[in-house]
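See structure below.
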Amino acid sequence: MNKKITTSALLSVSAMLLGCNNSALLSEPAAKSKVTTGAANISQTKDIVSLQQHFAEHFKIGTALSRAQILKEFPQELVAAKAHFSTFTPENSMKWERIHPEPEVYDFLASDALVAFAQENNQELVGHTLVWHSQTPDWVFENDAGEPLTREQLLARMEQHINKVAGRYKDKIFAWDVVNEAFNEDGTLRESKWLEIIGPDFLAQAFTMAQKAAPNAKLYYNDYNLFKPEKRAGVIKLVNDLKANGVRIDGIGMQGHYALDYPDLSQMEDSIIAFAQTGVEVMITELDISVLPFPEDSEQGADVGLNVELQAKYNPYVNGLPLAVEQQLADRYKQLFTILKQHSDKLSRVTFWGVSDRQTWRNDWPMTGRTDYPLLLDRELKVKSFVTEL
Ligand code: 9MR
């Protein structure tokens, strides 16, 4: 399924990247961390022109794209994305609060642009996401008087949203993250308005509605920390229950918001195996490996509600990544990809959550304004040298 890149495309990418003025890049508004890598010799790579080609025999390689990237505010990032990735996920543009901010208002600007871009370049799109507890406006759950909706009213609103959004891109979007992050760490269903008002079958309802709105799209459940045995068990039960009730689910997206010492990769491997045994596709959907210290009393993972005050001790590599730490990152990525490649028969896709270290949500979570190095492309959009070993 991987798209072959033409030589001319690669040449134009190289030319663009080589011609790319670094100081101009760093002065752009979203380039928050003004850093050149301290480990120059380890971060400069010449051998890999395309990540998607490098991993082609194992799995598709994807990235998230931000609204600003989609709308061409960062042309170099888009050129790099086109060269390195064969599947895209909008990082935020299709979340409810962005695409459907008010009852009668839809904003399809970025998502239409992304669909057009992916079609032009023959790349696959994964819609993200139809039903989530987060980034969903309060009005969704209330009537005009501000009172909570009934179950039937909320189901009707959910259906209208799914029809409008998934229906608009029917046959243009390859797959949907239908429901995102519905489980607690212990495998029970997370408290949310969806659960409170509709009840536990809100997931089955969402999958059924998505199937009707976009019958040819693949339908996925997506979550973080799925390496945890309890959370894994919860999701396996969900898949089995959906199937037993005749509701189609095609895959499980394992977000991969990891760190140098988190998680235990053997648990992640166990989850890949266990999920594959349910008969659905398994994917790594939001991969990044933070090199920064994590606040001791906070829960790792990807809870977007977590917001810790910025402290210098948690932001040690503002002026560049020491060689020894870059080596730790390289080793961690090698361990991870050794496992992923061993299970490439079960994994259809590995999607990174961002194009390069320059613009990654990791610089702003769980506190804003840090300088992290979690991806395979550095701040100059160069492929890190250890990637040749992955
Ligand atoms: O990367 C996204 C960041 O820009 C947003 O501010 C945040 C809240 O919408 O969501 C981030 O993406 C999340 C994804 O949608 C779901 N899994 C966790 C991701 C990282 O928080």
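The values are calculated or read from the model by the stated rules, or taken from the named source; none is laboratory data. Here the structure is a predicted model, which is why all the values come from computation and not from measurement. Here the Cβ positions follow ideal geometry from the backbone for every residue, glycine too, while neighbour counts run over all protein chains shown. These area figures cover heavy atoms from the full protein model, side chains too; ligands, DNA and RNA do not enter into them. Shrake-Rupley method; radii C 1.70, N 1.55, O 1.52, S 1.80 Å.
Proximity of backbone amide H atoms, modeled 1.01 Å from N, is registered between Ala259 and Ser290 at under 5 Å, excluding neighbours fewer than 5 places apart on the same chain. Scaled against the 2.2 N^0.38 Å expected of a compact globular protein of N residues, the Cα radius of gyration of the stretch 314-377 reads 1.28. Once the chain from Gln335 to Ala276 is taken as fully extended at 0.36 nm per residue, the excess over their C-alpha distance is 19.2 nm.
Close amide H pairs (under 5 Å, H built 1.01 Å from N) link Leu287 with Gly256, Thr351, Phe352, Trp353, residues at least 5 positions away or on another chain. Using θ = phi - 60° in the Karplus curve 6.51 cos²θ - 1.76 cosθ + 1.60, the 3J(HN,Hα) couplings for the stretch 128-139 round to 9, 8, 7, 10, 8, 6, 9, 6, 10, x, 4, 4 Hz; x is entered for Gly and Pro. Protection proxy ranking, highest mean first, for peptides 267-278, 205-216: 205-216, 267-278, where packing is the per-residue count of other beta-carbon atoms within 10 Å, averaged. By the compact-protein rule of thumb, 2.2 N^0.38 Å, the alpha-carbon radius of gyration of the stretch 211-289 corresponds to a ratio of 1.13.
Among the DSSP beta bridges whose two residues both lie in the chain, what percent are antiparallel, rounded to the nearest 5?
If we restrict to bridges inside the chain, about 10 percent are antiparallel.
Summing +1 for each Lys or Arg and -1 for each Asp or Glu, what net charge is found among the other residues whose Cβ lies under 15 Å from the Cβ of Ile198? Taking every other residue near Ile198 into account, the sum is -2. Calculated from the alpha-carbon coordinates, the stretch 237-330 shows an Rg and a Dmax of 17.5, 55 Å respectively. An oblate overall shape is assigned to the stretch 137-236, the ratio a/c of its alpha-carbon gyration tensor axes (a ≥ b ≥ c) being 1.5 or greater and a/b not exceeding b/c. Is there a pair in Lys218/Lys384; Lys231/Lys313; Lys218/Lys243 whose C-alpha atoms are over 23 Å apart, and which pairs would that be? Over 23 Å apart, Cα to Cα: Lys218/Lys384; Lys231/Lys313.
Stretching the chain fully between Glu120 and Asp345 yields a gain of 78.1 nm (0.36 nm per residue, less the alpha carbon separation). Close amide-amide hydrogen proximity is noted between His100 and Asp107, each under 5 Å apart and 5 or more residues distant or on a separate chain (H modeled in the peptide plane; Pro and chain starts excluded). Give me the Debye-computed log₁₀ of I(q)/I(0) at q = 0.16, 0.20, 0.27 Å⁻¹ for the stretch 207-252, equal point scatterers on Cα only, no solvent, two decimals. At q = 0.16, 0.20, 0.27 Å⁻¹ the computed log10 ratios are -0.46, -0.67, -0.99. Solvent exposure of the stretch 96-229, expressed per residue, is 42 Å² of accessible area, with all protein chains present and a 1.4 angstrom probe.
Just the accessible area for Lys334, please: 1.4 Å probe, Å², rounded to the nearest 10? Approximately 50 Å² for this residue. Positive contributions from Lys and Arg (+1) and negative ones from Asp and Glu (-1), summed over other residues with Cβ under 11 Å from the Cβ of Trp365, come out at -2. At a Förster radius of 22 Å, what calculated FRET efficiency corresponds to the Cβ-Cβ distance of Glu73 and Val304, to the nearest 0.05? Step by step, r from the Cβ atoms, then E = 0.45. Run the Debye formula on the Cα coordinates of the stretch 53-186, all scatterers equal and no solvent, and tell me log10 I(q)/I(0) at q = 0.11, 0.17, 0.18 1/Å. Summing over Cα pairs of the stretch 53-186 leads to -0.45, -0.93, -1.01. If you plug the beta carbon distance of Asn245 and Val318 into 1/(1 + (r/R0)^6) with R0 = 41 Å, you get a FRET efficiency near 0.20.
Using only the Cα atoms of the stretch 115-189, construct the convex hull and provide its projected area averaged over every direction, in square nanometres to one decimal.
6.7
Averaging 1/r across all pairs of distinct Cα atoms in the chain and inverting the result yields a Kirkwood radius of 21.4 Å. Computed packing ranks the peptides 373-381, 140-148 as 373-381, 140-148, most packed first, by mean other Cβ atoms within 10 Å. Would you work out if the stretch 170-221 is rounded, prolate or oblate? Take a ≥ b ≥ c from the square roots of the eigenvalues of the alpha-carbon gyration tensor; rounded if a/c is under 1.5, else prolate when a/b is larger than b/c, oblate otherwise. Prolate, because a/c is 1.5 or more and a/b exceeds b/c. Of the two radii for the stretch 246-390, the radius of gyration is 0.98 times the Kirkwood radius, both from the alpha carbons; that is the Rg over Rh value.
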